[in-house]
Amino acid sequence: MLNVTDPRQVVESFNKRPNGYTPLTSALRGIFQSAASKLRGNKRLLVFVATDGEPTDNHGYVDVQSLENLMQHERQSNTMYVTFLACTDDPASVRYLNQWDRTMINVDVVDDYKSEREEVRRTKGFNYSFSFGDYVVKALMGAVDPGVDSLDEYANSTRNG
C-alpha cells in the first residue's frame with residue numbers, strides 16, 4: 001500500500017484474505033527506487049512489510065535470493081529501514097528473515113506479540129517486562145534503533161553493514 005492517507009484504507013486492505021503470489025522483490029524495488037529519488041538531507045524511509053512466507057517471482061516460484069540481493073545491494077541501508085512483520089505460524093517459511101534480522105543493518109523482523117515476548121524473555125530473562133506497548137514500539141522502531149531491535153537477540157548476534 002502506498003500513499004495511505006486514511007486509516008480506513010489499511011482496514012479495508014486487511015479485510016481481504018491473502019491470495020496469489022508474494023512478489024516482495026518487485027514491490028520493494030519500486031518503493032526503494034521511488035523513495036531514493038526523493039530522499040534529501042536527513043530524510044529517512046521506514047518500510048513495513050507484512051508477509052506470510054517466502055517471496056516469489058512473478059511466476060510463483062520461491063526466490064529468496066533476489067530479495068536478499070535487493071536488500072543487501074540495492075537498498076540504501078543508511079537511509080532505508082525495513083521491518084518485516086511475520087504473519088505466519090510456520091517458522092520455516094520466514095527462517096530467511098530471522099537470519100537477515102541478525103545480519104542486515106537497519107532490518108528488523110517482528111513476530112506476533114506472544115512469540116516476540118517469549119523471544120525477549122528468553123534472551124533477557126523470564127521476569128523481563130515486555131508489554132504490548134513495548135511490542136508496538138519494537139515493531140515501529142526496531143529497524144531504526146539497534147537497541148530496540150536487539151531486545152529479542154542474544155548478545156553474540158552480529159550485524160553486517
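Rule-based calculations on the coordinates, nothing more; no lab input. What you see is a predicted model; the values in this text were computed from it and never measured. Virtual Cβ from ideal backbone geometry, glycine too; neighbours counted across all protein chains shown.
General remarks:
- FRET E, pair LYS38, ILE105, Förster distance 25 Å, beta-carbon r, rounded to 0.05: 0.70
- Spatially proximal aspartates and glutamates relative to LYS114 (Cα-Cα < 20 Å; intrachain offsets below 8 disregarded): ASP52, ASP89, ASP90, ASP101, ASP134, ASP149, ASP152, GLU153
- Cβ-to-Cβ counts within 10 Å put SER129, SER93 in ascending order as SER129, SER93, the fewest first.
- Least to most buried among PHE14, PHE84 (fewest other Cβ within 10 Å first): PHE14, PHE84
- Comparing SER66, SER13, SER77 in a Gaussian network model of the chain (Cα springs below 10 Å), the most mobile by mean-square fluctuation is SER13.
- Helix-derived mean residue ellipticity, 222 nm - over the chain, DSSP H n ≥ 4, -39500 (n - 2.57), to 500: -11000 deg cm²/dmol
- For the pair GLN65 and ASP145 in one chain, pulling the backbone fully straight at 0.36 nm per residue adds 26.2 nm over the alpha carbon distance.
- In this entry, the chain is assigned a mean projected area of 10.3 nm², taken as a quarter of its C-alpha convex hull surface.
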